[in-house]
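Here the structure comes first, spelled out in structure tokens, and everything after it is commentary.
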Amino acid sequence: MAQHEIPLERRTLHGHFSRELEPVLVVDPGDSISFSCLSSGWRGEDRTQFEPRDEELDAGHALIGPVAVRGARAGQTLEVEIDRVDIGSWGFTVAGGFSTPLNDRLAVAEGETVELLWELRRGVGRDQHGREIALAPFLGVIGMPPDEPGIHATAPPRRCGGNIDCKELVAGTVLYLPIAVDGALVSLGDGHAAQGDGEVSQLAIEAPVERARLTLSVRDDLELEWPVARTPAAWITFGFDEDLDEAAAIAIDGMLGLMAREHGLERRDALALASVLVDLRVTQLVNGTRGVHALLAHDAFRSTRIGG
């Protein structure tokens with residue numbers, strides 16, 4: 001299997017999803033790609049704003065791609081092995097001073113914006129006040145365009161992935177995404193050095209990506225409606241919707257399907273067991289489309305035979 005390097009340059013950057021975008025690279029299933037990327041706000045390791053940018057086409061996150069996978073077809077599943085995610089040396093987080101539904105509710109939309117400036121080094125983030133946290137870097141955006149014409153914003157997560165913003169998607173995780181368009185056309189970016197579930201201020205520790213490596217494969221034997229992930233510790237199913245209750249229901253429905261597929265459980269039996277073992281977590285509240293993920297640890301239960 002081949003290893004491909006994608007340079008960080010104007011040709012490989014974009015700030016929207018579209019099925020009309022020409023791929024910057026075509027790979028075979030099983031190939032790996034490596035790349036660097038600007039922060040979500042289009043700033044590099046030197047902290048300067050990238051130029052030139054198109055006001056409409058680059059309005060969203062700075063993304064690398066799209067990358068086409070040879071032979072991939074709509075209806076199949078893209079398997080993304082997250083091999084490595086290294087974050088740059090700096091990051092930032094802001095809160096308040098702008099209107100969102102949550103900021104309005106918390107009465108912080110008016111007034112100044114607070115900014116935390118982070119120095120990122122050897123797995124530790126340190127802000128300007130001397131507070132230190134452990135880092136767990138991941139890509140906030142891994143996704144493909146919907147099968148609809150036109151330009152699509154990078155902010156909302158979709159069935160085919162996108163701005164998922166799940167802190168569990170660190171190196172060592174495999175993400176499975178339903179493919180909506182032939183070729184897949186996957187785009188990547190939005191480096192996060194650390195994030196809490198919910199991403200409640202609207203931002204994580206936003207940082208440039210120093211280097212990421214992912215392996216792209218295509219699955220014919222796994223039919224999905226919504227994204228699924230397998231971490232070293234657990235299975236995860238995702239739900240996205242403007243309504244948080246519906247997002248939760250989608251995630252639970254996906255988990256019941258996973259428990260049937262992986263453990264041979266009948267739907268009602270799986271629901272009863274899920275009520276005891278599955279954790280529901282709010283992935284993020286701030287992208288217009290809310291996210292919920294359901295998590296089932298690999299060692300959550302074991303089966304033993306009763307009687308002879």
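The values are calculated or read from the model by the stated rules, or taken from the named source; none is laboratory data. As the structure is a computational prediction, the values presented were derived from the model and not from experiment. Using ideal geometry, Cβ is built from the backbone for each residue, glycine included, and neighbour counts are taken over all protein chains shown. Heads up: the accessible areas ignore ligands, DNA and RNA and are worked out on the full protein's heavy atoms, side chains in. Shrake-Rupley method; radii C 1.70, N 1.55, O 1.52, S 1.80 Å.
Return yes or no: is residue 222 assigned to a loop (DSSP other than H, G, I, E, B) and touching a strand residue (DSSP E or B) at 6+ places or on another chain (Cβ under 8 Å)? So residue 222 passes the test. The one condition from (1) within 30 Å of residue 219 (Cβ to Cβ); (2) within 18 Å of the chain's Cα centre (by Cα); (3) of a type outside the set (D, E, K, R) that residue 41 does not meet is (1). Going through (1) within 24 Å of residue 6 (Cβ to Cβ); (2) in a loop (DSSP other than H, G, I, E, B); (3) not β-branched (Val, Ile, Thr) one by one, residue 214 falls short only on (2).
Just one of 137, 146, 101, 157 is under 30 Å from residue 226 (Cβ atoms), modelled with pLDDT under 95 and either open to solvent by 30 Å² or more (accessible area, probe 1.4 Å) or of a type outside the set (S, T, N, Q) (or both); which is it? Within the list 137, 146, 101, 157, the selection yields 101.
Note on region 70-91: residues that are more than 16 Å from residue 35 (Cα to Cα), among the hydrophobic types (A, V, I, L, M, F, W, C) and open to solvent by less than 40 Å² (accessible area, probe 1.4 Å) total 3.
On the basis of being in contact with a strand residue (DSSP E or B) (Cβ under 9 Å, 6 or more places away or on another chain), surrounded by 14 or more Cβ atoms within 10 Å (Cβ to Cβ) and either at pLDDT below 95 or over 23 Å from residue 148 (Cα atoms) (or both), does residue 5 make the cut? Lay out the reasoning, then the answer.
Details: in contact with a strand residue (DSSP E or B) (Cβ under 9 Å, 6 or more places away or on another chain): yes; surrounded by 14 or more Cβ atoms within 10 Å (Cβ to Cβ): no; either at pLDDT below 95 or over 23 Å from residue 148 (Cα atoms) (or both): yes.
Criteria not met by residue 5.
Residue-wise test of (1) under 19 Å from residue 162 (Cβ atoms); (2) in contact (Cβ under 8 Å) with a residue 40 or more places away in the chain; (3) hydrophobic (A, V, I, L, M, F, W, C).
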| site | (1), (2), (3) |
| --- | --- |
| 202 | yes, yes, no |
| 206 | yes, yes, no |
| 211 | no, yes, no |
| 215 | no, yes, no |
| 222 | no, yes, yes |
| 226 | yes, yes, yes |
| 231 | no, yes, no |
| 238 | yes, yes, yes |
| 243 | yes, yes, no |
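Here residue 17 meets the list (1) over 19 Å from residue 213 (Cβ atoms); (2) open to solvent by 10 Å² or more (accessible area, probe 1.4 Å) almost entirely, failing just condition (2). Residues of region 87-117 that are assigned to a loop (DSSP other than H, G, I, E, B) and within 23 Å of the chain's Cα centre (by Cα): 88, 89, 100.
Here residue 258 meets the list (1) without any contact (Cβ under 8 Å) to a residue 40 or more places away in the chain; (2) over 20 Å from the mean Cα position of the chain (by Cα) almost entirely, failing just condition (2). Of all residues in region 7-31, exactly one satisfies the criterion of being touching a Leu at 6+ places or on another chain (Cβ under 7 Å), part of a strand (DSSP E or B) and more than 20 Å from residue 163 (Cβ to Cβ), namely 27. Can you name every residue in region 192-232 that is buried (at least 17 other Cβ atoms within 10 Å of the Cβ) and of a type in the set (Gly, Ala, Ser)? Selection gives 193, 194, 198, 201, 204, 207, 212, 217, 229. Against the list (1) open to solvent by 30 Å² or more (accessible area, probe 1.4 Å); (2) touching a residue at least 60 places away in the same chain (Cβ under 8 Å); (3) farther than 21 Å from residue 140 by Cβ, the condition residue 55 fails is (2).
Within region 195-210, is even one residue outside any strand (DSSP E or B) and under 23 Å from residue 31 (Cβ atoms)? Taking every residue of region 195-210 in turn, none turns out to be outside any strand (DSSP E or B) and under 23 Å from residue 31 (Cβ atoms). Take the conditions (1) aliphatic (A, V, I, L, M); (2) under 30 Å from residue 72 (Cα atoms); (3) touching a Ser or Thr at 6+ places or on another chain (Cβ under 9 Å); residue 139 misses just one of them, which is (3). When only residues in region 118-134 that are open to solvent by less than 20 Å² (accessible area, probe 1.4 Å) and under 22 Å from the mean Cα position of the chain (by Cα) count, which is farthest from residue 214 (Cα to Cα)? Selected residue: 125. Restricting region 233-246 to residues that are outside any strand (DSSP E or B) and over 22 Å from residue 170 (Cβ atoms) leaves a set whose member that is most open to solvent (accessible area, probe 1.4 Å) is 242.
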